[in-house]
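**Student:** Structure in C-alpha coordinates, see below.
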Amino acid sequence: MSVEKVAVVTAGGSGMGAAAAKRLAADGFKVAILSSSGKGEALAKELGGLGVTGSNQSNDDLQRLADVTLERFGRIDVLVNSAGHGPRAPILEITDEQWHTGMDVYLMNVIRPVRIITPQMVKQKAGAIVNISTAWAFEPSPMFPTSAVFRAGLAAFTKIFADKYAPDNVRMNNVLPGWIDSLPATEERRDSVPMQRYGKSEEIAATIAFLASEGAGYITGQNIRVDGGLIRSV
(Lines give C-alpha, C1' and ligand atoms only; values in the text may rest on other atoms or scores of the structure.)
Protein backbone atom coordinates (compact mmCIF):
# COMPACT_ATOMS: atom_id res chain seq x y z
CA MET A 1 0.00 0.00 0.00
CA SER A 2 1.29 3.46 -0.85
CA VAL A 3 -0.28 4.80 2.34
CA GLU A 4 -0.39 2.70 5.50
CA LYS A 5 -4.09 2.02 5.99
CA VAL A 6 -5.89 1.57 9.29
CA ALA A 7 -8.85 -0.64 10.23
CA VAL A 8 -10.93 -0.38 13.40
CA VAL A 9 -12.81 -3.50 14.53
CA THR A 10 -15.42 -3.35 17.28
CA ALA A 11 -16.35 -6.44 19.31
CA GLY A 12 -13.20 -7.92 17.82
CA GLY A 13 -11.86 -10.06 20.65
CA SER A 14 -13.21 -13.37 19.36
CA GLY A 15 -15.29 -15.03 16.66
CA MET A 16 -15.89 -13.31 13.34
CA GLY A 17 -14.66 -9.94 14.59
CA ALA A 18 -11.29 -11.41 15.58
CA ALA A 19 -11.06 -13.29 12.27
CA ALA A 20 -11.69 -10.02 10.42
CA ALA A 21 -8.96 -8.26 12.40
CA LYS A 22 -6.48 -11.04 11.61
CA ARG A 23 -7.31 -10.99 7.89
CA LEU A 24 -7.08 -7.21 7.62
CA ALA A 25 -3.74 -7.25 9.43
CA ALA A 26 -2.53 -9.94 7.01
CA ASP A 27 -3.63 -7.67 4.15
CA GLY A 28 -1.41 -4.90 5.46
CA PHE A 29 -3.76 -2.83 7.61
CA LYS A 30 -2.82 -1.52 11.00
CA VAL A 31 -5.63 -2.66 13.29
CA ALA A 32 -7.32 -1.14 16.32
CA ILE A 33 -9.59 -3.52 18.20
CA LEU A 34 -12.30 -2.87 20.78
CA SER A 35 -13.55 -5.69 22.99
CA SER A 36 -15.12 -5.89 26.42
CA SER A 37 -13.20 -9.00 27.48
CA GLY A 38 -9.62 -7.81 27.11
CA LYS A 39 -9.06 -10.38 24.35
CA GLY A 40 -9.03 -7.57 21.81
CA GLU A 41 -6.06 -5.91 23.47
CA ALA A 42 -4.13 -9.19 23.44
CA LEU A 43 -4.97 -9.86 19.80
CA ALA A 44 -4.08 -6.31 18.77
CA LYS A 45 -0.71 -6.63 20.46
CA GLU A 46 -0.09 -9.89 18.60
CA LEU A 47 -1.00 -8.18 15.31
CA GLY A 48 1.13 -5.09 15.93
CA GLY A 49 -1.87 -2.82 16.41
CA LEU A 50 -3.63 -1.30 19.39
CA GLY A 51 -6.45 -2.53 21.58
CA VAL A 52 -9.00 -0.87 23.82
CA THR A 53 -11.00 -2.71 26.45
CA GLY A 54 -14.50 -1.30 26.41
CA SER A 55 -18.04 -1.71 25.12
CA ASN A 56 -19.57 -0.83 21.78
CA GLN A 57 -22.61 0.17 23.83
CA SER A 58 -20.62 3.05 25.33
CA ASN A 59 -20.14 6.26 23.37
CA ASP A 60 -17.26 7.16 25.69
CA ASP A 61 -15.42 3.89 25.00
CA LEU A 62 -15.97 4.25 21.26
CA GLN A 63 -14.76 7.84 21.31
CA ARG A 64 -11.65 6.72 23.20
CA LEU A 65 -11.06 4.04 20.57
CA ALA A 66 -11.30 6.58 17.75
CA ASP A 67 -9.11 9.10 19.58
CA VAL A 68 -6.26 6.69 20.35
CA THR A 69 -6.39 5.27 16.82
CA LEU A 70 -6.09 8.71 15.24
CA GLU A 71 -3.42 9.73 17.72
CA ARG A 72 -1.29 6.69 16.89
CA PHE A 73 -2.02 6.13 13.20
CA GLY A 74 -3.44 9.45 11.95
CA ARG A 75 -6.31 8.01 9.92
CA ILE A 76 -9.13 5.44 9.85
CA ASP A 77 -9.80 3.77 6.51
CA VAL A 78 -12.01 0.85 7.50
CA LEU A 79 -14.54 0.27 10.28
CA VAL A 80 -15.79 -3.27 10.93
CA ASN A 81 -18.73 -3.52 13.31
CA SER A 82 -19.22 -6.88 14.97
CA ALA A 83 -21.67 -7.69 17.76
CA GLY A 84 -22.33 -9.91 20.73
CA HIS A 85 -25.49 -11.90 21.34
CA GLY A 86 -28.88 -10.39 22.19
CA PRO A 87 -31.94 -11.77 23.96
CA ARG A 88 -33.71 -14.82 22.59
CA ALA A 89 -37.23 -15.96 23.59
CA PRO A 90 -40.64 -16.63 22.03
CA ILE A 91 -41.58 -13.34 20.41
CA LEU A 92 -44.40 -12.30 22.75
CA GLU A 93 -42.38 -13.24 25.82
CA ILE A 94 -39.61 -10.73 25.07
CA THR A 95 -39.85 -7.87 27.55
CA ASP A 96 -39.50 -4.17 26.78
CA GLU A 97 -36.10 -4.23 28.45
CA GLN A 98 -34.97 -7.17 26.29
CA TRP A 99 -36.11 -5.42 23.10
CA HIS A 100 -34.08 -2.36 24.12
CA THR A 101 -31.09 -4.61 24.80
CA GLY A 102 -31.50 -6.17 21.35
CA MET A 103 -31.48 -2.72 19.77
CA ASP A 104 -28.25 -1.88 21.62
CA VAL A 105 -26.58 -5.14 20.58
CA TYR A 106 -27.71 -5.35 16.94
CA LEU A 107 -28.39 -1.79 15.71
CA MET A 108 -26.85 0.82 17.98
CA ASN A 109 -23.60 -1.19 17.93
CA VAL A 110 -23.28 0.15 14.38
CA ILE A 111 -24.86 3.59 14.71
CA ARG A 112 -22.66 4.69 17.62
CA PRO A 113 -19.21 4.08 16.07
CA VAL A 114 -20.40 5.20 12.64
CA ARG A 115 -21.48 8.53 14.10
CA ILE A 116 -18.04 8.99 15.65
CA ILE A 117 -15.81 7.76 12.81
CA THR A 118 -17.63 8.89 9.65
CA PRO A 119 -16.49 12.55 9.94
CA GLN A 120 -12.85 11.39 9.76
CA MET A 121 -13.60 9.32 6.64
CA VAL A 122 -15.39 12.28 5.04
CA LYS A 123 -12.35 14.42 5.79
CA GLN A 124 -10.15 11.83 4.07
CA LYS A 125 -12.65 11.53 1.18
CA ALA A 126 -12.37 7.76 1.59
CA GLY A 127 -13.62 5.05 3.91
CA ALA A 128 -15.28 1.65 4.02
CA ILE A 129 -17.64 0.45 6.74
CA VAL A 130 -18.60 -3.22 6.95
CA ASN A 131 -21.22 -4.44 9.41
CA ILE A 132 -21.58 -8.09 10.41
CA SER A 133 -25.31 -8.77 10.25
CA THR A 134 -27.17 -12.09 9.85
CA ALA A 135 -28.48 -14.28 7.06
CA TRP A 136 -31.90 -14.06 8.74
CA ALA A 137 -32.26 -10.26 8.43
CA PHE A 138 -34.84 -10.54 5.62
CA GLU A 139 -36.13 -14.09 6.20
CA PRO A 140 -36.44 -13.95 9.99
CA SER A 141 -36.15 -17.01 12.17
CA PRO A 142 -37.99 -17.35 15.49
CA MET A 143 -34.68 -18.61 16.88
CA PHE A 144 -33.21 -15.10 16.64
CA PRO A 145 -36.05 -12.61 16.98
CA THR A 146 -34.23 -9.53 18.29
CA SER A 147 -31.37 -10.08 15.84
CA ALA A 148 -33.69 -10.37 12.85
CA VAL A 149 -35.81 -7.35 13.77
CA PHE A 150 -32.99 -4.93 14.44
CA ARG A 151 -30.76 -6.14 11.62
CA ALA A 152 -33.62 -5.51 9.22
CA GLY A 153 -33.44 -1.99 10.65
CA LEU A 154 -29.69 -2.03 10.07
CA ALA A 155 -30.30 -2.75 6.39
CA ALA A 156 -32.47 0.37 6.17
CA PHE A 157 -29.88 2.44 8.03
CA THR A 158 -27.19 1.18 5.64
CA LYS A 159 -29.14 2.24 2.56
CA ILE A 160 -29.81 5.71 3.96
CA PHE A 161 -26.16 6.08 4.96
CA ALA A 162 -24.95 4.92 1.53
CA ASP A 163 -27.14 7.49 -0.23
CA LYS A 164 -25.83 10.28 1.98
CA TYR A 165 -22.10 9.51 2.00
CA ALA A 166 -21.41 7.94 -1.40
CA PRO A 167 -20.46 11.39 -2.81
CA ASP A 168 -17.74 11.54 -0.13
CA ASN A 169 -16.41 8.12 -1.23
CA VAL A 170 -17.47 6.61 2.10
CA ARG A 171 -19.11 3.22 1.62
CA MET A 172 -21.17 0.96 3.88
CA ASN A 173 -22.14 -2.66 3.32
CA ASN A 174 -23.45 -5.52 5.43
CA VAL A 175 -22.20 -9.12 5.49
CA LEU A 176 -24.92 -11.65 6.33
CA PRO A 177 -23.40 -14.86 7.75
CA GLY A 178 -25.35 -18.07 8.07
CA TRP A 179 -24.25 -20.96 10.30
CA ILE A 180 -20.59 -20.22 11.06
CA ASP A 181 -18.07 -22.31 12.99
CA SER A 182 -17.90 -19.74 15.80
CA LEU A 183 -21.38 -21.04 16.79
CA PRO A 184 -22.16 -24.39 18.43
CA ALA A 185 -22.55 -27.02 15.70
CA THR A 186 -25.54 -29.32 15.33
CA GLU A 187 -26.25 -31.92 12.68
CA GLU A 188 -29.71 -30.46 11.99
CA ARG A 189 -28.32 -27.02 11.25
CA ARG A 190 -25.55 -28.40 9.06
CA ASP A 191 -28.01 -30.50 7.08
CA SER A 192 -30.18 -27.40 6.44
CA VAL A 193 -27.36 -25.80 4.44
CA PRO A 194 -27.16 -26.71 0.74
CA MET A 195 -23.35 -26.86 1.00
CA GLN A 196 -23.77 -29.35 3.89
CA ARG A 197 -21.29 -27.63 6.19
CA TYR A 198 -20.84 -24.72 8.55
CA GLY A 199 -19.05 -21.71 7.15
CA LYS A 200 -15.67 -20.69 8.47
CA SER A 201 -15.00 -17.45 10.31
CA GLU A 202 -12.14 -16.98 7.87
CA GLU A 203 -14.63 -17.01 4.97
CA ILE A 204 -16.58 -14.19 6.59
CA ALA A 205 -13.30 -12.36 7.19
CA ALA A 206 -12.34 -12.77 3.52
CA THR A 207 -15.65 -11.23 2.44
CA ILE A 208 -15.13 -8.33 4.84
CA ALA A 209 -11.60 -7.84 3.53
CA PHE A 210 -12.90 -7.70 -0.04
CA LEU A 211 -15.55 -5.12 0.86
CA ALA A 212 -12.86 -3.09 2.60
CA SER A 213 -10.58 -3.21 -0.44
CA GLU A 214 -10.20 -0.93 -3.43
CA GLY A 215 -11.59 -3.74 -5.56
CA ALA A 216 -14.98 -3.16 -3.92
CA GLY A 217 -14.78 0.59 -4.47
CA TYR A 218 -18.05 0.66 -6.46
CA ILE A 219 -20.06 -1.38 -3.93
CA THR A 220 -22.14 0.40 -1.30
CA GLY A 221 -25.51 -0.01 0.39
CA GLN A 222 -25.54 -3.79 -0.12
CA ASN A 223 -26.41 -6.83 2.00
CA ILE A 224 -24.21 -9.76 1.00
CA ARG A 225 -25.15 -13.25 2.19
CA VAL A 226 -22.37 -15.66 3.07
CA ASP A 227 -24.44 -18.65 4.10
CA GLY A 228 -23.70 -21.66 1.89
CA GLY A 229 -26.93 -21.14 -0.05
CA LEU A 230 -29.14 -21.35 3.04
CA ILE A 231 -31.26 -18.34 2.08
CA ARG A 232 -31.56 -17.44 -1.58
CA SER A 233 -32.88 -14.23 -3.13
CA VAL A 234 -35.31 -14.25 -6.04
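**Student:** Per residue, how much accessible surface does segment 44-129 expose to a 1.4 Å probe? Answer in Å², no decimals. Before the final figure, lay out the partial values.
**Tutor:** Details: 4290 Å² over 86 residues.
I get 50 Å² per residue for segment 44-129.
**Student:** Suppose a student asked you for the relative contact order of segment 140-234, using Cα pairs under 8 Å spaced at least 6 residues apart; what percent would you report? Let's see the in-between values first.
**Tutor:** On the way: 103 pairs, mean separation 34.3, N = 95.
Relative CO of segment 140-234 lands at 36 percent.
**Student:** Compute, for segment 1-155, the length of the dipole vector about the Cα centre, with Cβ point charges of +1 (Lys, Arg) and -1 (Asp, Glu) only. Units Debye, rounded to 20.
**Tutor:** Details: 15 positive and 14 negative charges, 113 e Å.
Once rounded to the nearest 20, the dipole reads 540 debye.
**Student:** Moving to a separate point now. Considering lysine pairs in the chain that are 8 or more places apart or on different chains, how many have Cα atoms under 12 Å apart?
**Tutor:** On the way: LYS5/LYS30; LYS22/LYS30; LYS22/LYS45; LYS30/LYS45.
Going through the chain pair by pair, I get 4.
**Student:** With a 10 Å radius around each residue's Cβ, average the other Cβ atoms per peptide and rank 128-137, 164-173, 8-17, highest first. Could you put the intermediate results ahead of the total?
**Tutor:** Values: 128-137: 26.0, 164-173: 18.8, 8-17: 27.5.
The peptides rank, most packed first, as 8-17, 128-137, 164-173.
**Student:** Here is a further query. Name the residue farthest towards the positive end of the dipole of the chain from the options GLY229, GLN120, GLY199, assuming +1 on Cβ of Lys and Arg, -1 on Cβ of Asp and Glu, about the Cα centre.
**Tutor:** GLN120
**Student:** Just want to confirm a number: the relative contact order over segment 1-106, from Cα pairs under 8 angstrom separated by 6+ residues, in percent.
**Tutor:** Numbers: 187 pairs, mean separation 28.4, N = 106.
The normalised contact order for segment 1-106 reaches 27 percent.
**Student:** Still on this structure, I have one more. Would you work out the relative contact order for the chain, in percent, from Cα pairs under 8 angstrom that are 6 or more residues apart?
**Tutor:** On the way: 469 pairs, mean separation 44.2, N = 234.
Once normalised by length, the contact order is 19 percent.
**Student:** Then there's this: Under 5 Å between amide H atoms, partner at least 5 residues away or on a different chain: which partners does ARG171 have, H built in plane at 1.01 Å?
**Tutor:** Residues meeting the amide H criterion: GLY127, ALA128, ILE129.
**Student:** What does the charge count around ILE231 come to, taking other residues whose C-beta lies under 14 Å from its C-beta (Lys +1, Arg +1, Asp -1, Glu -1)?
**Tutor:** +2
**Student:** Which value at 222 nm does the chain reach when only helices count, each DSSP H run of 4 or more adding -39,500 (n - 2.57), with the total divided by all residues and rounded to the nearest 500 deg cm²/dmol?
**Tutor:** Values: 8 runs with 101 residues, N = 234.
It comes out at -13500 deg cm²/dmol, rounded to the nearest 500.
**Student:** Follow-up. Roughly how large, in nm² to one decimal, is the mean projection of the convex hull of the alpha-carbon atoms in segment 154-234?
**Tutor:** Details: hull surface 24.6 nm².
Over every viewing direction, the Cα hull of segment 154-234 projects on average to 6.2 nm².
**Student:** How much of the accessible area of the chain, probe 1.4 Å, is carbon plus sulfur, in whole percent?
**Tutor:** Details: 5800 of 11150 Å².
Carbon and sulfur: 52 percent of the exposed surface of the chain.
**Student:** Give, as a single signed number, the net charge of other residues whose beta carbon lies under 14 Å from the beta carbon of PHE144, with Lys and Arg counted +1 and Asp and Glu -1.
**Tutor:** Its environment carries a net charge of +1.
**Student:** What are the residues whose amide H is under 5 Å from the amide H of GLY51, where those residues sit 5 or more places off or on another chain and H is modelled from the backbone?
**Tutor:** ILE33
**Student:** Charges only on Cβ, +1 for Lys and Arg, -1 for Asp and Glu: so what's the dipole of segment 158-200 about the Cα centre, in debye to the nearest 20?
**Tutor:** Values: 7 positive and 6 negative charges, 27 e Å.
Here segment 158-200 has a charge dipole of around 120 debye.
**Student:** If you don't mind, there's one more thing I want to ask. Counting other Cβ atoms within 10 Å, keep those with at most 13, restrict to DSSP loop, and tell me which trypsin sites (Lys or Arg not before Pro) in segment 172-234 are left.
**Tutor:** ARG197, ARG232
**Student:** Using bins 10 angstrom wide from zero, how does P(r) for the chain break down, in % of all Cα pairs?
**Tutor:** 8, 34, 38, 17, 3, 0
**Student:** Now for a different question. Quick one: which residues, 5+ away or cross-chain, put their amide H under 5 Å from the amide H of VAL80? H built at 1.01 Å from N.
**Tutor:** Here the answer is VAL8, VAL9, THR10, VAL130, since their amide H atoms fall under 5 Å of that of VAL80.
The values are calculated or read from the model by the stated rules, or taken from the named source; none is laboratory data. Computed from a predicted model, the values in this text were never measured in an experiment. Heads up, the Cβs are rebuilt from the backbone with ideal geometry, glycines too, and the neighbour counts pull from every protein chain shown. Calculation scope for accessible area: heavy atoms of the full protein, side chains included, ligands and nucleic acids excluded. Shrake-Rupley method; radii C 1.70, N 1.55, O 1.52, S 1.80 Å.
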